[in-house]
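A short worksheet on the structure shown next.
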Amino acid sequence: MITLRQRIIKLSSWDKDLFPDFLRDTYPQTLEYEWLRFRGFSFTNTSKPWAGKVSLDKTQFKVIRISPRLFGNDRSSVIIYGKVIVINDTPWLKLTYKPFWYLPVNLLAFFLFGVFFALRIPLSAADGLFVAAIILIPVLAFCWDLRQSDKRMLKYIHESRTKVYEAVVASRGR
């Protein structure tokens, strides 16, 4: 599958609770059946920010972002793979962002539909802009989804570090 973005974050002593936090805040769900989302399959109404699998013994995870909406939860189309790697005796967290398999297929179908529509029907300038918007809207929506998933992941890692730091400061102050 296509790799959209990779990040490598240096882990410190403040990140000791990162994977237990992920395990606590992840709705356990296999992501292989995500294609069922079009047939009414939905995550339960959970307040957890992630869905997927977290493995404490392997120090890796495979999650997607869940956002609460008015009616149920919205699921991201970006899978985030995380794994702890060791380089020169220093632990690093490698984050890899990849789309679900159906996303490139959907974008290709939108593009082909637009080309077919443009070739079969004589278009004016306004019609051409309309077809371009139909093709461009899914691409922009996916870019926004990727950006939001990355921001949420970095914010979550920062909040986990801050929680450990504040606990250490509070214990030293007593």
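Residues that are assigned to a loop (DSSP other than H, G, I, E, B) and hydrophobic (A, V, I, L, M, F, W, C) were ranked within the range 51-79; the one that is modelled with the highest pLDDT is 56.
Considered as a group, the residues in the range 12-26 that are over 15 Å from residue 52 (Cβ atoms) and charged (D, E, K, R) include one that is surrounded by the most Cβ atoms within 10 Å (Cβ to Cβ), and that residue is 15.
For the range 132-145, the criterion of a residue being under 18 Å from residue 49 (Cα atoms), in contact (Cβ under 8 Å) with a residue 60 or more places away in the chain and surrounded by 14 or more Cβ atoms within 10 Å (Cβ to Cβ) is satisfied by at least one position. For the range 147-172, a residue qualifies if it is open to solvent by less than 60 Å² (accessible area, probe 1.4 Å) and in contact with an Asp or Glu (Cβ under 7 Å, 6 or more places away or on another chain), and the qualifying residues are 160, 164. Quick one: how many residues across the range 106-131 are in a helix (DSSP H, G or I) and open to solvent by 90 Å² or more (accessible area, probe 1.4 Å)? So the count comes out to 9.
The values are calculated or read from the model by the stated rules, or taken from the named source; none is laboratory data. What you see is a predicted model, and the numbers here were worked out from it, not measured in a lab. Methodologically, a virtual Cβ is constructed for each residue, glycine included, from the backbone with ideal geometry; neighbour enumeration extends over all protein chains shown. Side chains are part of the model used for accessible areas, which takes the heavy atoms of the whole protein and leaves out ligands, DNA and RNA. Shrake-Rupley method; radii C 1.70, N 1.55, O 1.52, S 1.80 Å.
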